[in-house]
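Q: This is the structure I have questions about; it appears just below.
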Amino acid sequence: MKFAFYTLGCKTNQYETQAMEQLLTALGHEIGSFEENCDGYIINTCSVTAVADKKNRAVIRRCRREHPQAVIGVCGCYTQHAPEAVRALEADVLGGSGGRREFVDMMLAAAEDRQHREKVDPALRRREFEILPAGGLEERTRAMLKVQDGCVNFCTYCIIPYTRGPVRSAPVETVLAQARNLEARGYREIILTGIEIASWGVDLPGKPTMADMVAAVCEAVPSLRIRLGSLEPRVVTGEFCRRMAACPNLCPQFHLSMQSGCDTVLARMGRKYDTARYWESVRLLRSFFPGCAVTTDMIVAFPGETEEEFAESLAFIRKCGFADMHIFPYSRRPGTPADKMPGQLGNAVKEARSRAAIAVAEEMSRAYREGLVGSVQSVLFEEKSGEFYTGHAPNYVKVYVPGDGLHNQLRDVEILRVFEDGVLGVLKS
Ligand code: SF4
């Protein structure tokens, strides 16, 4: 049979889609594109904002309308959070954000007997980490490796702890075995990902730390580049940096989640640090990894955010000098404390503050890339782009070089100038 996937949301959801694709192909089934006629369609949903929920519903409705005979399965955080809404959209198979193997089994059974099936376990009661196959079906340059699931930080604007449950970590032996398997399959880079990877190990015997796991992975696959997913500032200590700096194949790019550069807003967000602690993390990373890329996420127009608070945030991001930023206007998420907070701001304010923050972010990104001119970067090439071949440097800056046939090659490139959303260079080797 042929199945197609539509995935919304984070790297962990994308990873789980790739894993479900592999489970199906391992059983002899085909994976088609969402636009073609298939026997079954799987929509892997996200519920991080009310906007995401709206997108989920639109995709499910369109799929049902265009493929009335097919088996449609909906899984992920939206089904976990609002199964009744998914049921009302005539999905045949419902699964939550866990139990991906079981969901695939339900899809196959429903494709045979056309019976409605659903299994949405209570996320907050989960205790096991579900081990799933790593790597994708297509290209073999960079692979995500999920090492952790769940979160217990309960930031006031976030629904994820309710849809993903408590922290569960993949045992280090499993992580190492999967990393070696990816190396054997020709991947050149691994991204260690999860919902909140800084908490990896808190649920394992002996409470090993994330640094223990990362150091073990770097040692196990020395020929691969190892990149870290999003980090919480609390994990960045002198000890952490000292150990990470001893890993020659760890990429010097740290996505250090910030969300706001103002202490009073951070407090309303329920974030577990203030700007002083955040700055300390940035300072430590730069002292152990000179020239590293620190990137981040920022929410603007959080409930009650005054002009003064926003100005403070802008000043703080300037101080941090990020290499890249993802800017998000606050989006109400029913079921979270922030949704009930006074001082909800209108779209005009959200748009104006997004524009202002994006302008600063672009300026800083350009300054960071200008700082690379004249340097030589080891670039992992991925794809053709017009007359150029593109790839990423260890700091995750996109690099363009004239040329062809460089897929999955690691080559030294001399950086000439800032170009498009990256830099332009010439091959040195
Ligand atoms: S750290 Fe906060 S924002 Fe991130 S997943 Fe956990 S609760 Fe959500």
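The values are calculated or read from the model by the stated rules, or taken from the named source; none is laboratory data. Source: prediction; values computed, not measured. Because the Cβ atoms are built from the backbone with ideal geometry, glycine has one as well, and the counts that use them run over all protein chains shown. Just so you know, the surface numbers come from the protein's heavy atoms only, side chains and all, with ligands and any DNA or RNA stripped out. Shrake-Rupley method; radii C 1.70, N 1.55, O 1.52, S 1.80 Å.
Q: Output the residue which, of all residues in segment 147-170 that are among the hydroxyl-bearing types (Ser, Thr, Tyr) and closer than 17 Å to Ser257 by Cα, is farthest from the ligand (Cβ to nearest atom).
A: Thr156
Q: Has segment 254-272 got at least one residue that is farther than 19 Å from Tyr157 by Cα, touching a residue at least 24 places away in the same chain (Cβ under 8 Å) and not hydrophobic (A, V, I, L, M, F, W, C)?
A: The answer is yes; a qualifying residue exists.
Q: Now a separate question. Just give me the residues in segment 279-309 being closer than 24 Å to Pro337 by Cβ, away from the ligand (no atom under 14 Å from the Cβ) and buried (at least 23 other Cβ atoms within 10 Å of the Cβ), in sequence order.
A: Answer for segment 279-309, where residues must be closer than 24 Å to Pro337 by Cβ, away from the ligand (no atom under 14 Å from the Cβ) and buried (at least 23 other Cβ atoms within 10 Å of the Cβ): Val300, Ala301, Glu305.
Q: Considering only segment 192-203, I want to know if a residue exists there that is among the aromatic types (Phe, Trp, Tyr), touching a residue at least 40 places away in the same chain (Cβ under 8 Å) and over 27 Å from Val300 (Cα atoms).
A: Yes: one or more hits.
Q: Suppose the filter is open to solvent by less than 30 Å² (accessible area, probe 1.4 Å), part of a strand (DSSP E or B) and not basic (Lys, Arg); does Leu182 pass it?
A: Considered against the rule, which asks whether it is open to solvent by less than 30 Å² (accessible area, probe 1.4 Å), part of a strand (DSSP E or B) and not basic (Lys, Arg), Leu182 comes out as no.
Q: Mind listing whichever residues of segment 348-380 are part of a strand (DSSP E or B) and without any contact (Cβ under 8 Å) to a residue 40 or more places away in the chain?
A: If the condition is that a residue be part of a strand (DSSP E or B) and without any contact (Cβ under 8 Å) to a residue 40 or more places away in the chain, then Ser378 is the only one that fits.
Q: Can you list residue pairs whose Cβ atoms sit under 6 Å apart, with the first residue in segment 15-33 being open to solvent by 40 Å² or more (accessible area, probe 1.4 Å) and the second being modelled with pLDDT under 95? Count only pairs 6 or more apart in sequence or on different chains.
A: Close Cβ pairs (under 6 Å, with a partner that is modelled with pLDDT under 95) amount to Gln18/Gly136.
Q: Out of curiosity, is Pro329 touching a residue at least 60 places away in the same chain (Cβ under 8 Å) and under 19 Å from Cys262 (Cβ atoms)?
A: In short, no.
Q: Please note which helices (runs of 4 or more DSSP H) are completely contained in segment 19-117 and include at least 3 residues that are over 18 Å from Thr163 (Cβ atoms).
A: 50-66, 100-113
Q: On to the next question. Determine whether Val379 is at pLDDT 95 or above, in contact with a strand residue (DSSP E or B) (Cβ under 6 Å, 6 or more places away or on another chain) and open to solvent by less than 20 Å² (accessible area, probe 1.4 Å).
A: The answer is yes for Val379.
Q: Oh, and also: Need the failing condition index for Ser331 against (1) assigned to a loop (DSSP other than H, G, I, E, B); (2) modelled with pLDDT of 95 or more; (3) open to solvent by less than 50 Å² (accessible area, probe 1.4 Å); (4) not hydrophobic (A, V, I, L, M, F, W, C), just the number.
A: (2)
Q: Report yes if some residue within segment 226-245 is away from the ligand (no atom under 16 Å from the Cβ), among the aliphatic types (A, V, I, L, M) and not in a strand (DSSP E or B); otherwise report no.
A: Looking for residues that are away from the ligand (no atom under 16 Å from the Cβ), among the aliphatic types (A, V, I, L, M) and not in a strand (DSSP E or B), one finds at least one in segment 226-245, hence yes.
Q: What are the pairs with Cβ atoms under 7 angstrom where one residue, in segment 404-417, is charged (D, E, K, R) and the other, located anywhere, is open to solvent by less than 80 Å² (accessible area, probe 1.4 Å) and modelled with pLDDT under 95? Sequence gap at least six, or different chains.
A: Arg411/Ser429; Asp412/Ser429
Q: For segment 185-202, which residues satisfy the criterion of being β-branched (Val, Ile, Thr), touching a Cys at 6+ places or on another chain (Cβ under 9 Å) and either assigned to a loop (DSSP other than H, G, I, E, B) or surrounded by 23 or more Cβ atoms within 10 Å (Cβ to Cβ) (or both)?
A: Of everything in segment 185-202, just one residue is β-branched (Val, Ile, Thr), touching a Cys at 6+ places or on another chain (Cβ under 9 Å) and either assigned to a loop (DSSP other than H, G, I, E, B) or surrounded by 23 or more Cβ atoms within 10 Å (Cβ to Cβ) (or both), namely Ile195.
Q: Quick one: which residue in Phe254, Phe240 is at negative phi, under 19 Å from the mean Cα position of the chain (by Cα) and either at pLDDT 95 or above or open to solvent by less than 10 Å² (accessible area, probe 1.4 Å) (or both)?
A: Testing whether each residue is at negative phi, under 19 Å from the mean Cα position of the chain (by Cα) and either at pLDDT 95 or above or open to solvent by less than 10 Å² (accessible area, probe 1.4 Å) (or both) leaves just Phe254.
Q: Could you figure out which of (1) open to solvent by 30 Å² or more (accessible area, probe 1.4 Å); (2) part of a helix (DSSP H, G or I); (3) within 11 Å of the ligand (Cβ to nearest atom) isn't true of Asp212?
A: (3)
Q: Still on this structure: Confirm whether Phe322 is in contact with a strand residue (DSSP E or B) (Cβ under 6 Å, 6 or more places away or on another chain) and assigned to a loop (DSSP other than H, G, I, E, B).
A: So Phe322 fits the description; yes.
Q: Okay, moving on. Can you tell me how many residues within segment 158-179 are open to solvent by less than 40 Å² (accessible area, probe 1.4 Å) and not in a helix (DSSP H, G or I)?
A: 8
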